[in-house]
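One structure is given here, and the rest of the page talks about it.
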2 protein chains.
Amino acid sequence: MSKLIGMDIGGTNIVCGLVDVQGSLIHKVKQPTEALKGSGYVFDKIGGMIDQLLRETNTPRTDVSAVGAGTPGFIDPERGVTLFAGNLKWTDIPTAEEIRRRTGIPTFIDNDVRMYVYGETVCGAAQGYEHVLGITIGTGLAAASVNRGHLFYGSRYMAGEIGHLIFPEQIPYTCGCGMTGCLETVASATGIARQARDLIRSGRSSVLREWFRDTSIESITAADVSKAYDVNDPVAVEVMNHTGQLLGRGLAYAVTLYSPDMIVIGGGGALAGERLFAPMREQLQQSVYSGYWERLTIAPARHIDDAGIIGSALAAGQRQAAMN
Amino acid sequence: MSKLIGMDIGGTNIVCGLVDVQGSLIHKVKQPTEALKGSGYVFDKIGGMIDQLLRETNTPRTDVSAVGAGTPGFIDPERGVTLFAGNLKWTDIPTAEEIRRRTGIPTFIDNDVRMYVYGETVCGAAQGYEHVLGITIGTGLAAASVNRGHLFYGSRYMAGEIGHLIFPEQIPYTCGCGMTGCLETVASATGIARQARDLIRSGRSSVLREWFRDTSIESITAADVSKAYDVNDPVAVEVMNHTGQLLGRGLAYAVTLYSPDMIVIGGGGALAGERLFAPMREQLQQSVYSGYWERLTIAPARHIDDAGIIGSALAAGQRQAAMN
């Protein structure tokens, strides 16, 4: 019983990894989610992926003490139910029980961002810090707070939605949640690309316009904006500065309310690195009481791709042990 | 061992109360703090107040299992040290040990606002709610979060400083903390009075100018602004609306990050009641995702004067029991 399985069930892909109890990833397999084929199809696929993972690593099923899975959206980790996950089109799906039924292994689920931050806290960039605030910059922007090893959940497990702090004076975009000015409409991979496209449409000159002469500027991604930034493109520089500053303001609010000693930043959008982090840090320092700033460490995630798998495996191991 | 003592050590007064284990206040005594005479003087006075309390209630000292004290500022509740309390002029004072030495009773300390919110959670307006956010509107503005009976502390016990969320676009005032735009420079009793004075100085006509014809407008208090509001004074109405709206914005950030199911509002500034709460609620509803708003209860504190005493007594009882 010395192994764990961790999963990240995303809107695009499912990744499933075998992890040892120290949090080392031994092997992983990946498949497209194909959420449109329905949750039953997805769970059958997950059952097959776990079979494959055990087969490819010669691991007897009885060696695995628990499966942990992170899914996006609102999760009830105590009942093991995915309450609502927009990009999987799941509402009130008993995810833990569906996986357990197909594998025979005790299964625990939680929100994917919480599992990512938990993974980074237990054996990543935030290891050894007592009060960790983690954010993931991806399609959206979300956060989780881990204090002395305990995740902070709040009512209906909805704490940490930093992407839905609103900045109506600075952000004109309407969010999928129904509000206008949500931080994640700019401070996310999609938000960075969207701002660049909008500036180009407004007539601003940019190297991106040339790069995308033969295709629609709709295909511009955050990675393209990073590339344009590196050749000093004024649109890309403006987008990164504006995004970093707003992210710094949002983090200032989170720091003042949570008082972390470490902020760990992950997700695909974190690949923008210092282009985003430099203006973010500057704004954060200006926007929090110096007593917070002085003892605050900020670092990128260590397991940028795998923190979610490692975190959900280790969290499941903890929860299974607590039941025995 | 069926009784507890709770204390609120403020910049102006010390209140000391005998509380039963259900949280009912049996009797209390009050004295001016006289902090300028030094912490030794204050602790001797506290020793005398506890003697008086026991004498006046015919309570044998051996019946009291613990003393709890809330002090303002930054506290280390684990070591029992007041790290910094500006309005007591205390830095690194071993408050718990000083009180224990003078009373012979195990003593525990914590931040006064956390104790206030804990008191309201255990046996006040927030009783029965799992995830409580409490704020106190007084000289300053502060918050505490209690989840399933556990206070949230953060690094160096500095979580919850809602008064230091900054709104630089809306608030021109410099705060004692060194930043400009801190919420508590407007959303506090002092902030309400200050805004009214500044509008009057800028030439706006107000009934307050007449009421304070013979004395300096410097003596205007938040209570005076409430009275002026009740006769439809345009300055008072503008101040209450502006303050309520900004408080609503600040609470929106706190709700999005903590996800409470109950917000309890206490402190002297809460006596403004609906004059402040109506614009606050309206702004809060507009500034959070509807999923938070739908299940949120907002209520004024029940023990508006005594929540701090009751909370520190009960918290001390809990901590003493946990040590046995």
- Query: If you take the residues in the stretch A:279-298 that are touching a strand residue (DSSP E or B) at 6+ places or on another chain (Cβ under 9 Å), farther than 14 Å from A:Y253 by Cβ and in a helix (DSSP H, G or I), which one is farthest from the other protein chains (Cβ to nearest Cβ)?
  - Reply: A:R281
- Query: Which one of these does A:L276 not meet: (1) assigned to a helix (DSSP H, G or I); (2) more than 17 Å from A:L141 (Cα to Cα)?
  - Reply: (2)
- Working only within the stretch A:277-309, note down all residues that are over 27 Å from A:I9 (Cα atoms), aliphatic (A, V, I, L, M) and free of Cβ contacts under 8 Å to residues at least 40 places away in the same chain. A:A278, A:M280, A:L284, A:V288, A:I298
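So that you can scan it fast, the table gives a plain yes or no per residue for (1) free of Cβ contacts under 8 Å to residues at least 12 places away in the same chain; (2) closer than 30 Å to A:L296 by Cα; (3) of a type in the set (G, A, S); (4) buried (at least 19 other Cβ atoms within 10 Å of the Cβ):
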residue: A:A187; (1), (2), (3), (4): no, yes, yes, yes
residue: A:D198; (1), (2), (3), (4): yes, no, no, no
residue: A:S205; (1), (2), (3), (4): no, no, yes, no
residue: A:E210; (1), (2), (3), (4): yes, no, no, no
residue: A:I217; (1), (2), (3), (4): no, no, no, no
residue: A:N232; (1), (2), (3), (4): yes, no, no, no
residue: A:V235; (1), (2), (3), (4): no, no, no, yes
residue: A:A254; (1), (2), (3), (4): no, yes, yes, yes
residue: A:Y258; (1), (2), (3), (4): no, yes, no, yes
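Residues checked against (1) touching an Asp or Glu at 6+ places or on another chain (Cβ under 9 Å); (2) at pLDDT 95 or above; (3) within 29 Å of A:H131 (Cβ to Cβ); (4) not polar (S, T, N, Q):
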residue	(1), (2), (3), (4)
A:S216	no, no, no, no
A:A223	no, yes, no, yes
A:V231	no, yes, no, yes
A:A252	no, yes, yes, yes
A:M262	yes, yes, yes, yes
A:R275	yes, yes, yes, yes
A:A307	yes, yes, yes, yes
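Looking for something more than 29 Å from B:A299 (Cβ to Cβ), in contact with a Phe, Trp or Tyr (Cβ under 6 Å, 6 or more places away or on another chain) and surrounded by fewer than 20 Cβ atoms within 10 Å (Cβ to Cβ) - is there at least one such residue anywhere in the stretch B:103-110?
The answer is no, given that none of the residues of the stretch B:103-110 is more than 29 Å from B:A299 (Cβ to Cβ), in contact with a Phe, Trp or Tyr (Cβ under 6 Å, 6 or more places away or on another chain) and surrounded by fewer than 20 Cβ atoms within 10 Å (Cβ to Cβ).
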- Message: Name the single residue that is nearest to the chain's Cα centre (by Cα) among those in the stretch B:69-114 being within 19 Å of B:A159 (Cβ to Cβ) and of a type in the set (D, E, K, R).
- Response: B:D112
- Do we have A:G154 as touching a His at 6+ places or on another chain (Cβ under 7 Å), surrounded by 24 or more Cβ atoms within 10 Å (Cβ to Cβ) and within 14 Å of chain B (Cβ to nearest Cβ) here? yes
- Message: I want to confirm something. Restricting to the stretch A:118-144 and keeping residues that are among the hydrophobic types (A, V, I, L, M, F, W, C) and within 14 Å of another protein chain (Cβ to nearest Cβ), which single residue is surrounded by the most Cβ atoms within 10 Å (Cβ to Cβ)?
- Response: A:L133
- Query: Can you tell me which residues in the stretch B:16-42 are under 29 Å from B:T121 (Cα atoms), of a type in the set (A, V, I, L, M, F, W, C) and surrounded by fewer than 20 Cβ atoms within 10 Å (Cβ to Cβ)?
  - Reply: B:V21, B:L25, B:I26, B:V29
- Message: Go through (1) part of a strand (DSSP E or B); (2) assigned by TED's automatic domain parsing to the domain that holds B:K28 for B:G311 and report which single condition fails.
- Response: (1)
- Taking the stretch A:153-185 and keeping only residues that are in a helix (DSSP H, G or I) and without any contact (Cβ under 8 Å) to a residue 24 or more places away in the chain, one is left with A:S155, A:H164, A:T185
- Residue satisfying condition, being more than 14 Å from chain B (Cβ to nearest Cβ) and surrounded by fewer than 17 Cβ atoms within 10 Å (Cβ to Cβ), within set A:L276, A:L271: A:L271
- Task: Determine which single condition B:G178 fails, assuming it passes every other condition in (1) closer than 28 Å to A:Q285 by Cα; (2) buried (at least 16 other Cβ atoms within 10 Å of the Cβ).
- Result: (2)
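The values are calculated or read from the model by the stated rules, or taken from the named source; none is laboratory data. Since this is a predicted model, take the numbers as computed values, not measurements. A quick note on method: Cβ atoms are made from the backbone with ideal geometry, for glycine too, and the neighbour counts reach across all protein chains shown.
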